[in-house]
Amino acid sequence: MSATDPGAASVAPISRRRVFAMVRRYWYLLRGSWPRIVELMYWPTIQMIMWGFITLHLRDSSTWVAQAAGVLLTGVLLWDILFRGQLGYTLSFLEEMYSRNLGQLFVSPLRPAEMVLALMTTSLLRTLIGIVPAALLAIPLFAWNVFSIGLPLVAFFALLLVMGWAVGMLVTALLLRVGLGGESLAWFVVFLLIPVSAVYYPVDVLPVWLQAAAYALPPVYVFEGMRAVLFEGAFRWDYFLAAVGLNILYLCLGAAAFLWSFRTARVKGLLLQGGE
Amino acid sequence: MLRTSAVKVEHLTKRFGAVTAVEDISFEIARGSCVGLLGGNGAGKTTTIAMIMGLLLPSAGRITVLGEDMLRHRFRVLPRINFSSPYMELPHRLTIAENLAIYAELYEVANPKARIAEIAETLDLLPLMTRPSGKLSAGQKTRVGLAKALLNAPEFLALDEPTASLDPDTADRIRGYLEDFRTQSGGSILLASHNMAEVERLCDDVLMLRAGKIVDRGAPTDLIGRYGRETLEEVFLDIARTPGGENAPPAEAAQ
């Protein structure tokens with residue numbers, strides 16, 4: 001009697017079909033609104049242009065900047081990967097709350113893990129759409145090609161994107177608890193990380209007690225690693241492995257927070273509401 | 001003939017802090033039957049449906065849907081059941097075609113294009129398929145919600161006030177679709193409604209809820225006869241206005 005594909009609607013833990021259905025849903029949203037696509041590219045590009053001019057200004061007065069002309073530009077582009085990765089994850093989830101669609105989704109066979117995978121995939125797409133044009137524009141505008149970093153750039157990109165997802169999971173866990181009244185969490189929570197991530201300055205600039213906090217976060221290893229590549233031409237495997245380990249830890253914490261919050265939402269009936 | 005249950009609810013209770021929304025209710029929905037859930041606002045209808053569909057965890061009790069324990073194995077059942085409510089919407093910016101395509105994928109429907117076309121034709125949605133869901137009238141939204149709910153040809157369909165805020169013509173057409181669904185697919189329905197005529201027309205059995213408890217149950221004609229009334233609406237009013245008289249017909253009906 002059921003029209004469901006026999007065998008496909010199995011008890012398999014993850015269905016690729018459902019994951020890509022959700023990715024399609026978010027793609028339809030983007031595709032249907034050119035201002036959304038422009039907005040994705042707008043801020044990374046503006047940031048890049050601003051930091052490009054700051055670099056031009058500092059190049060003559062700062063030996064640190066002069067040693068590696070692209071250090072600030074690369075920093076801003078990499079930070080945007082973390083920020084956009086988190087935002088792409090969280091805003092896609094918020095779309096479900098805006099449209100009061102969570103109840104519909106979770107009476108379907110969609111599992112929370114499939115939703116998380118779809119949000120990660122969408123976050124990757126949104127981040128690429130936002131960052132790549134800014135990185136390409138930096139080549140003619142400021143004679144800086146971030147892609148010249150090569151394979152280490154792929155590692156930095158992946159590490160920051162994964163940290164963005166971990167923060168995104170934490171924020172969506174909070175949103176499930178507090179509803180749309182906590183919408184602004186999507187925009188400001190990640191900025192707690194920026195002072196201790198050593199994006200634009202070396203980590204040893206921080207007070208010693210704050211350095212301890214910084215070293216507990218993956219981004220600091222990425223940005224220190226970035227400077228090692230730019231200043232010394234060396235890829236620091238120790239930094240890379242530390243960031244991978246911490247990312248796994250934070251991803252697990254984010255997933256646990258989301259699943260716990262999802263269960264609480266099922267206890268309290270929050271999936272039925274979705275509003276403020 | 002022995003009919004197996006599509007849904008079996010045993011001693012179901014839901015508490016939100018100090019408030020008991022549903023208290024120790026038990027009932028069964030036979031395969032192929034339609035059961036109405038009647039009660040005033042806050043009686044516990046939506047809470048009961050949400051627990052059956054797995055959206056809400058009960059404080060106590062057991063729910064078996066299509067032979068599976070919903071609390072332990074809901075993902076085995078969810079592909080075979082569906083739900084529609086005017087209070088849960090589909091993404092506004094997506095067109096009807098896009099929304100239905102996504103839900104067809106979520107339910108892993110075989111031949112999704114053909115299935116969507118078939119349902120769209122049945123529910124007179126074909127001229128609207130490219131329209132964003134947020135730009136539909138209440139009646140059109142209800143039909144789209146029903147189309148989503150029928151995509152996987154569910155064996156069990158839960159409907160929360162499916163004709164709320166619809167004009168009589170549209171509401172009548174929706175009831176017609178639901179009758180067709182039952183006769184053509186043999187699916188079971190749990191229908192929460194405030195519309196007594198709708199319940200009389202569609203339901204084999206009725207559960208009367210008040211303050212989270214089932215205060216009476218039976219076939220619509222039996223209830224009408226038992227309370228000495230002419231319509232189910234009068235029975236509903238008797239029950240709703242009986243002070244503290246759970247599980248007992250009003251005095252005049254008992255005489």
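The values are calculated or read from the model by the stated rules, or taken from the named source; none is laboratory data. Not measured: the values here are computed from a predicted model. Because the Cβ atoms are built from the backbone with ideal geometry, glycine has one as well, and the counts that use them run over all protein chains shown.
Please work out which residue is farthest from A:VAL19 (Cα to Cα), limiting yourself to the range B:99-114 and to residues that are among the charged types (D, E, K, R) and within 8 Å of chain A (Cβ to nearest Cβ).
So, considering only residues that are among the charged types (D, E, K, R) and within 8 Å of chain A (Cβ to nearest Cβ), the one farthest from A:VAL19 (Cα to Cα) is B:GLU108.
Here are some conditions: (1) exposed (fewer than 15 other Cβ atoms within 10 Å of the Cβ); (2) under 24 Å from the mean Cα position of the chain (by Cα); (3) among the aliphatic types (A, V, I, L, M). A:ALA66 meets all but one. Which one does it not meet?
(2)
Filter the range B:130-145 down to residues that are in contact (Cβ under 8 Å) with a residue 24 or more places away in the chain and surrounded by 18 or more Cβ atoms within 10 Å (Cβ to Cβ) and give me whichever is farthest from B:ARG175 (Cα to Cα).
Looking at the filtered set, the residue picked out is B:SER133.
Can B:SER33 be described as touching a residue at least 12 places away in the same chain (Cβ under 8 Å) and within 17 Å of B:ARG80 (Cβ to Cβ)?
yes
Yes or no: the range A:141-149 includes at least one residue that is hydrophobic (A, V, I, L, M, F, W, C), surrounded by fewer than 20 Cβ atoms within 10 Å (Cβ to Cβ), in a loop (DSSP other than H, G, I, E, B) and at pLDDT 95 or above.
The answer is no, given that none of the residues of the range A:141-149 is hydrophobic (A, V, I, L, M, F, W, C), surrounded by fewer than 20 Cβ atoms within 10 Å (Cβ to Cβ), in a loop (DSSP other than H, G, I, E, B) and at pLDDT 95 or above.
Working carefully through the options B:LYS148, B:LYS45, find the one that is buried (at least 22 other Cβ atoms within 10 Å of the Cβ) and within 12 Å of chain A (Cβ to nearest Cβ).
None of the other options fit; the residue is B:LYS148.
Looking only at helices (runs of 4 or more DSSP H) that lie completely in the range A:1-83, which have at least 1 residues being touching an Asp or Glu at 6+ places or on another chain (Cβ under 9 Å) and modelled with pLDDT of 90 or more?
A:16-31, A:34-59
Among the candidates A:ALA155, A:ALA113, which residue alone is within 14 Å of chain B (Cβ to nearest Cβ), in contact (Cβ under 8 Å) with a residue 24 or more places away in the chain, surrounded by fewer than 24 Cβ atoms within 10 Å (Cβ to Cβ) and out of contact with any strand residue (DSSP E or B) (no Cβ under 9 Å at 6 or more places or on another chain)?
From the options A:ALA155, A:ALA113, the qualifying one is A:ALA113.
Yes or no, residue by residue, for (1) charged (D, E, K, R); (2) facing chain A (nearest Cβ under 10 Å); (3) surrounded by fewer than 24 Cβ atoms within 10 Å (Cβ to Cβ):
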| site | (1), (2), (3) |
| --- | --- |
| B:GLU28 | yes, no, yes |
| B:VAL35 | no, no, yes |
| B:LEU55 | no, yes, no |
| B:ALA60 | no, no, yes |
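Hey, A:ARG177 hits all of (1) under 28 Å from A:THR121 (Cβ atoms); (2) modelled with pLDDT of 95 or more but one; which does it fall short on?
All conditions are met except number (2).
Take the residues of the range A:69-105 that are among the acidic types (Asp, Glu) and closer than 27 Å to A:ALA265 by Cα: which is nearest to the chain's Cα centre (by Cα)?
Among residues in the range A:69-105 that are among the acidic types (Asp, Glu) and closer than 27 Å to A:ALA265 by Cα, the one nearest to the chain's Cα centre (by Cα) is A:GLU95.
Conditions: (1) touching a helix residue (DSSP H, G or I) at 6+ places or on another chain (Cβ under 7 Å); (2) farther than 20 Å from B:GLY54 by Cα; (3) among the hydrophobic types (A, V, I, L, M, F, W, C). B:ALA211 meets all but one. Number of the miss?
Every condition holds for B:ALA211 apart from (1).
With a cut-off of at least 3 residues that are in contact with a Lys or Arg (Cβ under 9 Å, 6 or more places away or on another chain) and under 20 Å from B:LEU207 (Cα atoms), name the helices (runs of 4 or more DSSP H) lying wholly within the range B:4-107.
B:45-52
Just checking, which of A:LEU128, A:LEU91, A:LEU136, A:LEU124 is of a type in the set (A, V, I, L, M), part of a helix (DSSP H, G or I) and either touching a Lys or Arg at 6+ places or on another chain (Cβ under 6 Å) or within 14 Å of another protein chain (Cβ to nearest Cβ) (or both)?
A:LEU91
B:LEU78 fails exactly one of the following numbered conditions: (1) within 7 Å of another protein chain (Cβ to nearest Cβ); (2) at pLDDT below 95. What is the number of that condition?
Only one criterion is unmet by B:LEU78, namely (2).
Any chance you could count how many residues in the range A:194-208 are assigned to a loop (DSSP other than H, G, I, E, B) and without any contact (Cβ under 8 Å) to a residue 24 or more places away in the chain?
3
Test A:ALA257 against the stated conditions and say whether it is part of a helix (DSSP H, G or I), touching a residue at least 12 places away in the same chain (Cβ under 8 Å) and buried (at least 20 other Cβ atoms within 10 Å of the Cβ).
no
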